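A.B. asks: I am attaching a structure below and will ask some questions about it afterwards.
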Amino acid sequence: MRFGQGHGRPVLVGALALFAIASAGCDHKGSEARVDPNLFPADYKSKVLKVLQTSITDRSSFFGAAISAPVLKPFGNENRYVVCVRLSGSKPGEKTAIFFGGEVTQFVDAAQDACKGAAYEPFTELERR
């Protein structure tokens, strides 16, 4: 009997079956769930609160603090939800929380005019901490 007659086919079928089983668990780029970068941050106050509690050690800044509702603003070449925070205390100033996919990804000093015209409301949740 010559090599390849009758014996090669079961090996090939077996190899293809193993490949199919092995690749079934692999991630394919088309099956990845995409995050909406501009998902509205419905619980923005609690997310900003968490960032402030871990990033600011001077708790006096929390009293009299104010926060704005999320607003979609230009950020680079795209738009992102931005929340403005006004702090008092020993280091008063404005900060911006920038959201991606409903999560705070940046919390930085507000750039010039970044919070111009922001509709602030008391951030009393911060004072209770």
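The values are calculated or read from the model by the stated rules, or taken from the named source; none is laboratory data. These numbers come from a predicted model, not from an experiment. Note that each Cβ is placed from the backbone with ideal geometry, even for glycine, and that neighbours are counted across all protein chains shown.
A.B. asks: Using the structure shown, decide if Ala65 is exposed (fewer than 12 other Cβ atoms within 10 Å of the Cβ), among the aliphatic types (A, V, I, L, M) and at pLDDT below 95.
C.D. replies: No.
A.B. asks: Here's a follow-up. Applying the selection to the range 39-62, what residues are polar (S, T, N, Q) and surrounded by 15 or more Cβ atoms within 10 Å (Cβ to Cβ)? Talk me through it step by step, then tell me what you get.
C.D. replies: Taking the range 39-62 and keeping what is polar (S, T, N, Q), we get 46, 53-55, 57, 60-61.
The answer is Ser61, and nothing else.
A.B. asks: Sticking with this one: For the range 101-129, which residues satisfy the criterion of being aromatic (Phe, Trp, Tyr), in a strand (DSSP E or B) and over 12 Å from Val82 (Cβ atoms)?
C.D. replies: Of everything in the range 101-129, just one residue is aromatic (Phe, Trp, Tyr), in a strand (DSSP E or B) and over 12 Å from Val82 (Cβ atoms), namely Tyr120.
A.B. asks: Yes or no: the range 44-66 includes at least one residue that is closer than 30 Å to Arg34 by Cα and assigned to a loop (DSSP other than H, G, I, E, B).
C.D. replies: no
A.B. asks: Restricting the range 74-104 to residues that are under 16 Å from the mean Cα position of the chain (by Cα) and among the charged types (D, E, K, R), which is nearest to Val51 (Cα to Cα)?
C.D. replies: Once the filter is applied, the top-ranked residue is Glu103.
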